[in-house]
Every structure is written in C-alpha cells, then in structure tokens.
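Every read-out reported here was derived from the displayed coordinates using simple, explicitly stated rules and does not represent laboratory data. Note that the structure is predicted; figures quoted are calculated from it, not measured. No Cβ is skipped: glycine too gets one built from the backbone with ideal geometry, and neighbour counts run over all protein chains shown.
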C-alpha cells in the first residue's frame, strides 16, 4: 500500500464501519425496547387504558406510577410486588365481576392488603416481576400460588381458633380429630385425647373371636368407592372411625386370636332380681315394653338404629355412640348388663353416662336388645376359628404393634404407640422437593401430593401403613385445607405475635357437682364456658336463664322445648339428690352479669303490661313466626308454652335487649325494642305457665316406672 | 447507495422480528369450579354445581345460619318452618319472585324487616344482628343461586352480579 494512501479509508472500509455501527445501534436499541415490552410494564399500561375507560378515572389513577409497586413489611418477611400488576386491588369500584383480572378488587376481608401483603395468604413468589415466576413453582421457589379452593388454609396458619368465616377449614380440622388421625400423626393444634379408640384390655369378655375377625375384615362403617358411607349395610352420614386395614387371612386370624384372649378382669355377671325375671320372662309384653323404655330413655340421641318405613331403610339417631342395629349379635349378654349398669367401670373415658336403672328396666331393655337388635347372618361368612393357639396369639401380639393398633387402642401392659405415622405438624409449609412422590404420575406440588396420599396412600409410597379411606370431594378438600394450614411455628417473631391461639378452657368442676357431672357426662352434649359438645344448648349461663325448680323438673323428666328436634335429652332416671345438686350449682355459678335478677321484681308486672306485651307479640312483632305458644306458631325458636315457669324475668329482659350478648351465636335477631316494649313483652311471657304433664298414657306409665326406678 | 438501503431495510426487518421473541403469557385454563371459592348445588337440580365467589360464599354461610329456617324447604336441623307461615316466604332461589326486586329493596327488607317495607312483619329486621357487608353477601348469594338465573340491570355501578 502506498504511503499516501495510509490513513485514508477506502470506500469499502467505510461501508463496513457504517454497517457495523448501525448494527450496534440496533442491538443497543433492543435493550430499551425489551425493557419497554416487559410483562409488568404492559400490565401497567393496560391498567391505565382500562382506568381511562371507567367513569372514575381520576380516582383510579390517583396513585398511579409507571414503576414497580411493592409492599414491604420487613417484620413479616414480606416483599410483595403483586400490586404492580394487580393494581385495582383496593379500588372499591372495581369489585364487580365484570372487571377483568388482574385489575379486579380483592373481596372485602378483615385484613388490609397494605398491612399484610399478598403472599402471607396466597403464597407465590412476592418479589418476582413475571407472571409465571410469581405464580408457579420454579427451581428457585417451590411455594406456588395456593389454589383459591384451599385459601382458608391460610386463615388457619395464624388463627388456631376456629373462625365462623372458614367453614371448610373447620370441617377439615373436625374430620382430622374425629377420624383419630392424631392417633398416628402429630398434627398442629389437635391434641391427643385421653382415649382414641376403645381400650381393649378386656375385649375378650365383650365379644367373640369370630366377631373380631369379622370386624377387622369388614369394619361396621364402610366407605365405598363412591364415598357412600354405610353402617352395617345401611347408608349413613356418620364418619367411619375404625378404618379398613389391608390384612391377610393369617393376619386376621392372628389378631382375632390375640384380642379374644384379652380378659384381664373376669366379668362379674350381675344377677337381676329373680322376682323381676319371674314376673316378666313369660310376659308377651316384655319385648315391646323393652323397646318402649329404649325409646323413652332417648338412647337414640347418641345411638342410631336402622328403621324401615314404607319400604325404605334409614338410619335414625345420633352418632355420638356406636350404631346399635345388630349389637345383640355382637356382645355377650352378661357384658351388656354390666356395661349398662356401669360403663365407666369398663371404659373409664367413655362418653356413655351412668344411668340409674331399676332391675325391671334393665331386664326389659337388655332383653329387647339381645332379641330384637340382632342379625343371625352377621357372622355367616366367618370361618370356624376355634380355640386360639399360642402361636396365633404370639403373631397377633406382634401384628398389633406392627400395624400400629396401639396408636389408638390401649391394652394394659402395652406402651401406647405415639407418633406411629410421620409428623404432619409442618406439612403445609413443605417444598415439593421434600416430598416422596414415588412412581405416582401426578403434578409435583404439595396440594397434589396431599390429595393423592389421602385418596390412595399406596400410590405415592408402596410401603405405606396408612389404611384406605374413600372420601367425597368435599371432605377431601376440607382435610387438604386443614393439612395445608399446618405450617409449623411461624418463621418470624412478627408473625408469631399474630397467632390467635385456640381457647382451651377445660371446665373442671370439683366437689359434689363434679361427681354428678362426670356420671352423666353432661359435657358430651352441652357446652360449659367454651368446653364441651354442641349437640345441646350452651349451659354456661343456665343459672341466669332458668328457674331452679324448672331445672329440677327438667332433669327428672326432660321435655322437648324445640318441636323439630329428633335428638333429645335422655331420661337419666336421676335421683332427687343428683337433680338438686346440679340445679343448686347451676343457679349459684352459671350466672351472666347482664341478667341481674335483683334489678327486676316480678311484682312490677301489671296485667295491663302483659296485655300490651301479648299484642306486641302477636301483632306488631309477630313472634309466632318462630315461637310456639299453645300449639300454634313456628318451629325455629323454643316453645314458649311454659316461658313463665322456665325463664327468669331478668334473663328475658336482657335477652330481648341483646340476645347475642348472652349467647353469641344464637340465631334470634337483635331487635330495636323500646324499654317499655321490653318490659311489656317480659310481663306477657311471665304469664305463660304450663305444668309439665305427661303427654299420653303410655308415657304416663313410663314416667311412673321412672320415678319408681329412681327411688330404688 | 443501493447497498445501504438494502442493508438498512434488512436491519429494520430484523428489529421488527424481535417482539415476536417475547414470551406469550399462557392462557389460563378457566374451569369456574376450580377457581371458585366455594360451591353450592342448584336447589332444583342437584347435578348442577354453582361456583361461588368469596362474597357469595360468605352469604351462603350466613344464609345457612340465619335464613334457612324460613327461606328453604329443608334445614340442617330437619323440616323447615316455611310451611307454618302465612304468607309463605319465598325460597331464596326463587328467581321469579326475587329477580325483579332491586338490590336496594333486598338490602332494606333484610336490614329493616318486613313491616318497614310493607311486607309480612314475620320477617324480622337484621340490621342490628348482621353488618351491611354481611347483608350484601346474602343478597349476592341469592342472586347466584336464583332460578331462573338473575340478570343484573343494565346500568353502570350495579353492585352484585350473578356470574
């Protein structure tokens, strides 16, 4: 190249320079362009366009900024950029379902999004700025968005106490407890009760080896593939407690052998008075009379029976105790008598009350049970098992422990098997990589895992010992929700402070009252100060509500106050002393501060006030829509026929002013009565009196027998 | 010169292709039942499951606690009180009777009671028992289960919708 041409660019080089600089410029331009096209920026812009199409544009765009929006709550570990795209989340005018996502407002909930963030409840990756990263499971983030169906699980993460707004979660927790899941698994917030399944120390005195074999092979309550529950072949709503285990023929025989020799304490048969037996055994009325007593004592409040009406068989009765349709073919008659006389002697923690029996009643009822509540085919398919051999018993003992039976059933001398299954108290916070999916072809996430495991335990782990349940979709989702809510202890102290603990106030009275209270197991159905069952009215303030004499009369002869109730208080054949002890304690202790008897003197009620009250009741407020007086009126509230004899005026006044202040979840709406109206209505209700009379001759005879029996 | 034009045209074309490279947001699979907060079986056709939003589900809860006793034919505790009452209260899903009523009317009759709105005094006022929000949610639930289906009035700012 000549020297003069050095330093001079040829046309060709220029061209190369020009092209490459344009290319560089172009490549550089891609970066801002890509930035401009980022997902969240597109959502930002489309929100602005959307807001401009709404009538309240100005309000919607008041705090609009084109950059990333973030909720930062350092104490709770929350860095949530969700509001970058979900921009209308707090705009009340965007709550309409016609508003497209992601701009629709959040439904009104008690927690403000600015104070809580989003991922605390919805999970997902808060700092992410891309739709898929924020919502889905990625390699770096294994907590995807929780499907809305299970969102109540998040309420349960902090609210250990049950909330009225989360029925699905409450149902799930209830199912976990009722199905005795806590027998094998550690569950957050669900304690192991004193007794899960029945104690089997003396099971050999109660049932035969054949019956145990049948029970293990085919438990009474069966959930079929379509999630229909049947008890002894009849459809029911009851939850199965004893699940079906996968047992081989040898295992069945061995377990039945082992259990049938469990008879630590020999049964001491009770001799029913020979005169009673002589008087009744030949009487054709024996069985019908036994059935009548069985009904009058309201055994059906806790136990159900299969009843055939018009060709259709239905289970009728409660589900606190076991179903009894075929119990006569199950239990040893001597055991039955001993059990009915003193259930607590056989099972100290049973919920069955100890009734006061006369020999006559006991004979009639047990004869009814052993002759009528039977099924000759119950053990038809069971092979002859004969005497248990030592070898079978040994094997049965081993299997009893291997299968985890001792998790729920205790036998004297055996250590209870706590934590037999995996600890589930932090399952809800687990990452998918911590779970064993086995060969199961399901999406690898926590929700699918829980549901697959619940539906078929063997599908994710061939060696699973968990028995097979068949759930319906609702129950499956409820249990999944409850399990998802168990995330273990909150990770940060700020979240720890937010936990609303479950209120556990076991009501443990002492003294004479406690003895009677334990004998009749009042807490099985009634609630006392937040503790107990919810089948019957809450008795926390019963002393303020009811007159003492009425309580005594009711305990001696329970009447139904609510006409539609099928389940009623059983007749305990209570002695006068027991009734007086209960009534005295209730009137002394179960008092509500708002219903102060000293402020009201029943003498101040004049007939004129009562007449006005009657008018208000019948015409202005039409209380008969829900309450019955003298046979007419509605079925929703209690019958007021004997309101004057039953209720105290102080309670009625306080109730009329604000029912929810006395019983928070009562359905009676709070009204806007004036003081005069309250007094007039109270005056009227106090005039309503009706002595408790037996309704028919049959029950008259029965109540005579009852008093007679209790006196013995 | 021609070469330059060609090259710049080529560059422009390349650039124009870039937007095509961005990831398309996946179209969400929309099964209304899976996305629903809760569901309710149609009262007239048990096979049909109606998806409920959060608000409607809250309404369902309050309905089964407070209203079911008179506004349904079966209750959790057995037979309904409905047949005892004259005039017979409408079923909550009775679209023929309730679809024509405005949201304001529905809200008032629940809050203030039947007598305040010229209807049966047997309907008690719930204004002191339920919050305004709870009343809204019950109405939203009624709209969701209405048979025939509820069509919101065609005007802006309607608060509750059936869908």
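Computed quantities for the displayed model
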{"item": "Extension gain from residue A:531 to residue A:390, taking 0.36 nm per residue of separation minus the Cα-Cα distance", "result": "46.1 nm"}
{"item": "Residue exposure sequence - A:320, A:629, A:551 - by fewest surrounding Cβ within 10 Å", "result": "A:320, A:629, A:551"}
{"item": "Global form of segment A:203-372, assessed from the alpha-carbon gyration tensor, a/c cut-off 1.5", "result": "oblate"}
{"item": "Segment A:511-686 - percent relative contact order, Cα under 8 Å, separation 6 or more", "result": "23 percent"}
{"item": "Prolate/oblate/rounded label for the protein assembly as shown (Cα gyration tensor, a/c 1.5)", "result": "oblate"}
{"item": "Footprinting exposure proxy for A:581, A:632 (fewest neighbouring C-beta atoms within 10 Å first)", "result": "A:632, A:581"}
{"item": "Nitroxide proxy distance, nm - points 7 Å out along Cα→Cβ at residue A:439 and residue A:274", "result": "7.1 nm"}
{"item": "Cα gyration tensor shape for segment A:543-652, rounded if a/c is under 1.5, else prolate or oblate", "result": "oblate"}
{"item": "Estimated FRET transfer efficiency (residue A:611, residue A:502; beta-carbon r; R0 45 Å; 0.05)", "result": "0.35"}
{"item": "Cα centroid separation - segment A:444-514 against segment A:25-41, whole Å", "result": "48 Å"}
{"item": "Helical mean residue ellipticity (222 nm; -39500 (n - 2.57) per DSSP H run of 4+; nearest 500) of chain A", "result": "-11000 deg cm²/dmol"}
{"item": "Label point distance in nm, residue B:133-residue A:514, each placed 7 Å from Cα along Cα→Cβ", "result": "4.4 nm"}
{"item": "Percentage relative contact order, chain A, counting C-alpha pairs under 8 Å, at least six apart", "result": "13 percent"}
{"item": "Sequence-separation-based contact order of segment A:39-145, relative, with Cα cut under 8 Å and 6+ spacing, percent", "result": "22 percent"}
{"item": "Length gained when the stretch residue A:57-residue A:660 is fully extended (0.36 nm per residue, less Cα-Cα span)", "result": "212.8 nm"}
{"item": "FRET efficiency, 1/(1 + (r/R0)^6) with R0 35 Å, evaluated for residue A:93 and residue A:458 via beta carbons", "result": "0.10"}
{"item": "Set of segment B:53-94 residues, backbone N closer than 15 Å to the point 7 Å along the Cα-Cβ line of residue B:46", "result": "B:73-76"}
{"item": "Spin-label model distance (nm) - residue A:263 vs residue A:17, 7 Å beyond Cα toward Cβ", "result": "11.2 nm"}
{"item": "Exposure proxy order (Cβ contacts within 10 Å, fewest to most) of A:513, A:400", "result": "A:513, A:400"}
{"item": "Sites residue A:246 and residue A:114, calculated FRET efficiency, Cβ-Cβ separation with R0 35 Å, nearest 0.05", "result": "0.10"}
